[in-house]
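See structure below.
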Amino acid sequence: MIPPLGRHGRAEGGGGQVRNRPGRKRESASGAPGSGDRRRGAGTVLRTGPARRVVIVRRTAGGAPEHGPAEPAGLSPMLRAAAAYGWRLIIVGAVVYAVFVALGKFHLVTLAVFLGLVLTALLEPLTSLLNRWMPRSVAVASGLLLGIVLLFGVLSLIGANVAGEWAGLRREFDGGVARIERWLQGPPVHLSRDTLAHLQTWVRRFVSTHRSALISTALSGVDRIVEAATVGVLALFCSVFFLHSGSRMWRWFGGQLPGARRRPVRLAGRAAWTTFTGYTRGIVLVAAINAVLVGVALFILGVPLAVPLAVLEFFAAFIPLVGSPVALAVAAVVALAAKGPVIALIVVLLIVVIGQIEGHVLHPLVMSRAVQLHPVVVALSVVCGAVTAGVAGAIVAVPLVSVVWSVYGVLRALPAASFRTP
C-alpha cells in the first residue's frame with residue numbers, strides 16, 4: 001500500500017497505490033469511482049471538499065507517482081489555451097510598443113537610416129556593375145555622384161519649367177478664377193454675386209487676422225527644411241557605408257550571436273533585404289510609369305505645369321492607394337483654373353484610368369513577387385502609418401509590414417530545434 005497523500009498532494013512514502021482518507025472520494029482519471037488506478041500509466045483523481053480542487057496523480061513508466069499541479073475543476077481546455085496565448089500576446093505587444101516609442105523618440109535618425117537603405121537598394125545594382133571595372137570605393141562614389149546629379153537635374157528642370165510658365169500661368173489663373181465664378185453663378189449651383197463677394201471678403205479677413213500665425217508657420221517651415229537637410233545628409237552618409245561594406249557589417253553582426261542563432265538570423269535577414277529591395281525598386285518603377293503617363297496626358301490636354309505635376313505624381317505614388325489620387329486631384333484643380341471644367345473633368349477621368357492601370361496591371365506585374373499582401377492589409381497599413389507618423393509613416397508602413405511578413409514566413413518554415421537554447 002502507498003501512504004496517503006499529504007496536504008500539498010505529495011505521497012508520504014513509496015508504493016504503488018493511493019489510499020483514501022476519510023471524507024475523500026477516489027476516482028480514476030476517467031471519472032469512474034475506483035476504476036483504472038491499478039493499471040500502469042493510469043491516473044488517480046482525489047476530489048476534496050466543497051472547493052472542488054483536483055489533484056492528479058500520474059504514474060510514470062517505472063510505476064512511481066508523478067504529481068501534477070492542482071487545477072480548478074471544470075476549466076475548459078479552450079480557456080486554458082486562450083489564457084496561455086493571451087499573456088504571450090500581451091508581452092509581444094508591450095515589446096512592439098516599446099520599440100515604436102523608442103523609434104519615435106529618434107524619428108529623424110530612423111527616417112535617415114530608412115532613406116539610406118532606400119538609396120542602397122536603388123544604387124546597389126549600379127555599384128555592383130561599376131565594381132567590375134573599378135575598385136569598390138570608386139564604384140560607390142561614382143554611383144552616388146550619378147544619383148545626386150540626376151536628382152539635381154530633375155529639380156532644375158522643374159524650376160526652369162515653373163519660371164518659364166509663371167507669367168502665362170498667372171494670366172490663365174486670373175481668367176480661370178473668373179470662369180469658375182461664372183460657372184458657380186450658373187446651373188446647377190446658382191450662387192449669387194453677393195454670396196461670392198461675401199466669400200472673398202471672408203477669405204481676405206481671415207488672411208489679415210491670422211497673418212502672424214501664417215508667418216510663424218512659414219518660419220517653422222524653415223526649421224523643417226533644416227531637419228530635411230540633416231536627414232538627407234545622414235541618409236547619404238549611411239548609404240555610403242551600406243554600399244561599401246554592408247555585407248561585412250551584417251556578417252559581423254551575425255558573428256556576435258550564439259552559434260545556434262546564426263542560421264535563423266541569417267535567413268531572416270536575407271528574406272528581409274530581398275523583400276525590401278524588391279519593394280523599393282518596384283515602387284520606383286511604378287511611380288516612374290505613373291509620372292510619365294500623367295505628364296504626357298497633361299501635356300496633350302494643354303494643362304500648365306505638366307512637368308511639376310508629373311514629378312508630384314512620381315513622389316506621391318510612394319504612398320500606395322492614396323498618393324496618386326491626391327496628386328491627380330491637384331492636377332484637376334490646376335486644370336479647372338487654367339482650362340475650365342471640361343478639361344478638369346477629363347483629368348478626373350484620368351485619375352480613374354491611371355488608378356485602374358496601377359492596381360490591375362502594374363502592381364500585379366511588378367510588385368507581386370516582393371509584396372504578397374492583401375489590398376485591405378495595404379490600406380490599413382497606410383492609414384495606421386499616417387496616423388502614427390504622418391506622411392513618413394504612410395510611406396514606411398507598407399515596406400515595414402512586407403518585411404515583417406516575409407521574415408515570419410521564413411522563421412515559420414524552420415524546425416523548432418533551430419530556436420532551442422543549446
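Worth a mention:
- Residue within the range 368-383 that is within 30 Å of ARG224 (Cα to Cα), assigned to a helix (DSSP H, G or I), modelled with pLDDT of 75 or more and of a type in the set (Gly, Ala, Ser) present: yes
- Condition broken by GLU227, with the remaining ones in (1) surrounded by fewer than 20 Cβ atoms within 10 Å (Cβ to Cβ); (2) more than 24 Å from GLY143 (Cα to Cα); (3) assigned by TED's automatic domain parsing to the domain that holds VAL410; (4) not aliphatic (A, V, I, L, M) satisfied: (3)
- Inspection of the range 265-279 finds no residue satisfying the criterion of being surrounded by fewer than 17 Cβ atoms within 10 Å (Cβ to Cβ) and farther than 21 Å from TRP405 by Cβ.
- Residue in the range 155-165 that is under 22 Å from VAL240 (Cβ atoms) and either exposed (fewer than 11 other Cβ atoms within 10 Å of the Cβ) or modelled with pLDDT of 70 or more (or both) present: yes
The values are calculated or read from the model by the stated rules, or taken from the named source; none is laboratory data. Bear in mind the structure is a predicted one, so any value in this text is a computation, not a measurement. Neighbour counts are summed over all protein chains in view; Cβ atoms, including those assigned to glycine, are modelled from backbone coordinates with ideal geometry.
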